[in-house]
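In what follows, a single structure is set out as structure tokens and then discussed.
The values are calculated or read from the model by the stated rules, or taken from the named source; none is laboratory data. Treat the numbers as computed from the prediction; the structure is a model and nothing was measured. Glycine gets a Cβ as well: all are built from the backbone with ideal geometry, and neighbour counts include every protein chain shown. What goes into the accessible areas is simple: the full protein's heavy atoms, side chains included, and nothing from ligands, DNA or RNA. Shrake-Rupley method; radii C 1.70, N 1.55, O 1.52, S 1.80 Å.
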Amino acid sequence: MIGSSVFLVAAVGVFAFTRPTIQLDKNNCVIGQPIPGHTIFLIDGTDKIDGDYLYRLKNSISFKKDNLPISEKLTIVRLSGNTEGKPEFKELFSKCNPGQGSQFAGITESKMKKQFQWKKGFGDELNAALDDLSNLKVGVSSPIIESINRLTYKRDFGVNTLNRRLILVSDLMQHTDEFTHYKNNYSFSDVRNIGKPYTGVPLDGVEVDIIYIRRSKIKGFQNVSHEKFWQTYFVQNGADLAEIR
């Protein structure tokens, strides 16, 4: 019995010593491995977001923060547009979840250490980004479609990334010289011939959720046809449109 116990302890010690250590980069992502999932909040800051919509946005991000699987990435991007209708991004936050204490098994002391590390390297920075949402820079154009297309060029949000999710927070009023929603009697077929970024965007398998900001000053444009345009855009480009809410 004693000999067996000594052998077992020794074996565990050798395994712990020889087991490869998981190394994380500065964004908490596992080095040398693809991220298992990536959720991006694309926040349309081309007009002010306040009141109930700001509250809903912060709650949505907080919920995702608290329920993000270990090693998956969470990114918050603020969009504005320049005078030429080009998307201007400000990345407010982009890190992988190193894991909260509650997401690990083990003794209480070890879980408390993991929670401290999570708070310092993930939670606190995300909370700071949430505070910045009240100070979004207003843009002069709304290149929403161009911005969605641009996200697919991100190395960690391409077709090789599993579990891609996009939460779009916007009034959905596309507005560039090439195409604008500030007119009547348009449809997706009107822009089909333009090609990218309207068609052929690699959104296959991307789960899309939209927080649709309704504004009283443009309620004449935010109608059934407007929603239909966006439903068609995402479906035609292979996305899984979960909800417009």
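Here are the numbers for the structure shown:
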item	result
DSSP beta bridge pairing in the chain, given as percent antiparallel to the nearest 5	35
Note, ³J(HN,Hα) from phi for the stretch 38-43, Karplus 6.51, -1.76, 1.60, rounded to Hz, x at Gly and Pro	8, 10, 10, 8, 9, 9
Efficiency of FRET from Cβ geometry, K113 and E91, R₀ 25 Å, rounded to 0.05	0.30
Inter-label distance for D52 and R215, nm, one decimal - labels placed 7 Å from Cα along Cα-to-Cβ	1.7
Surface accessible to a 1.4 Å probe, per residue, for the residues of the chain, Å²	55
Alpha carbon Rg of the stretch 205-245, scaled by the compact-globule rule 2.2 N^0.38 Å	1.24
Stokes-Einstein D for the stretch 28-77, Kirkwood Rh over Cα pairs, 10 °C, 1.306 mPa s (µm²/s)	127
Modelled FRET efficiency - R0 35 Å, I244 with K196, Cβ distances, 0.05 increments	0.90
Calculated P(r) of the chain - Cα pairs past 33 Å, %	28
Residue-averaged 222 nm ellipticity for the chain, from DSSP H runs of 4+ at -39500 (n - 2.57), nearest 500	-9500 deg cm²/dmol
The stretch 51-192: equivalent-ellipsoid semi-axes (sqrt of 5 x gyration tensor eigenvalues, Cα, Å)	36, 17, 13
For the stretch 67-108, the fraction of alpha-carbon pairs in successive 5 Å shells from zero, as %	6, 19, 16, 14, 12, 10, 8, 7, 4, 3, 2, 0
